[in-house]
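Scroll down for the structure; my scribbles are underneath it.
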């Protein structure tokens, strides 16, 4: 029969005409994203211990971490991600054992200028180290010297 393909095409069009629409007015309305969506990175700087596990896990070496030593602890001073090279694979998020870095549901990361592409998550100055008291250090030195003397005496006693 002549026009059979035309009728099938019109049938599909008529059926699709009555289905509910999925489109939204984007800037004003947004669809909810799934829980496993890989969007913009968010870093909780207070949880981060600057262990570099996320930087080492990244296949493209996107993450640059700068630390400062304050006393005996490492302190995160600068955390920058070069997003233009990121695969959004999530290996950095999986590698973090303190859950300091995770994905958000924000997906609008376009930039007009190239200098705005690196994502600076932390940029701060390291705190000053607390001054050590001479009084609190002196008893500790005395106990260390006493411990060394007793260890030396025990070593001499076991040799003879």
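The values are calculated or read from the model by the stated rules, or taken from the named source; none is laboratory data. Quick caveat: nothing in here was measured; it's all calculated off a predicted structure. Every residue, glycine among them, receives a Cβ derived from its backbone with ideal geometry; neighbour counts consider all protein chains shown.
With the structure loaded, tell me whether residue 80 is within 15 Å of the chain's Cα centre (by Cα), surrounded by 16 or more Cβ atoms within 10 Å (Cβ to Cβ), under 26 Å from residue 129 (Cα atoms) and at pLDDT 95 or above or whether it fails that test. For residue 80, the condition - within 15 Å of the chain's Cα centre (by Cα), surrounded by 16 or more Cβ atoms within 10 Å (Cβ to Cβ), under 26 Å from residue 129 (Cα atoms) and at pLDDT 95 or above - is met. The set of residues in the range 58-87 being out of contact with any strand residue (DSSP E or B) (no Cβ under 8 Å at 6 or more places or on another chain) and within 25 Å of residue 110 (Cα to Cα) consists of 58, 59, 60, 61, 84, 85, 86, 87. Within the range 52-77, the residues that satisfy the criterion of being crowded, with 16+ Cβ neighbours inside 10 Å and out of contact with any helix residue (DSSP H, G or I) (no Cβ under 6 Å at 6 or more places or on another chain) are 55, 67, 68, 74, 75, 76, 77. Here the condition is being free of Cβ contacts under 8 Å to residues at least 12 places away in the same chain and more than 30 Å from residue 129 (Cα to Cα); of 73, 30, it holds for 30 alone. When residues in the range 83-99 are screened for being closer than 30 Å to residue 129 by Cα and out of contact with any helix residue (DSSP H, G or I) (no Cβ under 8 Å at 6 or more places or on another chain), 2 of them pass. Would you call residue 42 at pLDDT 90 or above and under 30 Å from residue 107 (Cβ atoms)? Answer is yes for this residue.
This table checks each residue for (1) in a loop (DSSP other than H, G, I, E, B); (2) exposed (fewer than 13 other Cβ atoms within 10 Å of the Cβ); (3) over 15 Å from the mean Cα position of the chain (by Cα).
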| site | (1), (2), (3) |
| --- | --- |
| 8 | no, yes, yes |
| 21 | yes, yes, yes |
| 28 | yes, yes, yes |
| 39 | yes, no, no |
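Could you tell me whether residue 50 is within 23 Å of residue 114 (Cβ to Cβ) and touching a strand residue (DSSP E or B) at 6+ places or on another chain (Cβ under 7 Å)? Judged against the criteria, residue 50 is not a match. Does the range 103-113 contain any residue that is modelled with pLDDT under 90, loosely packed, with under 14 Cβ neighbours inside 10 Å, over 10 Å from the mean Cα position of the chain (by Cα) and in a helix (DSSP H, G or I)? The answer is no; no qualifying residue exists. Close contacts from the range 110-126, counting a first residue that is at positive phi and a second that is surrounded by 11 or more Cβ atoms within 10 Å (Cβ to Cβ) and in a loop (DSSP other than H, G, I, E, B), with Cβ to Cβ under 7 Å and a gap of 6+ residues or different chains, come to none at all.
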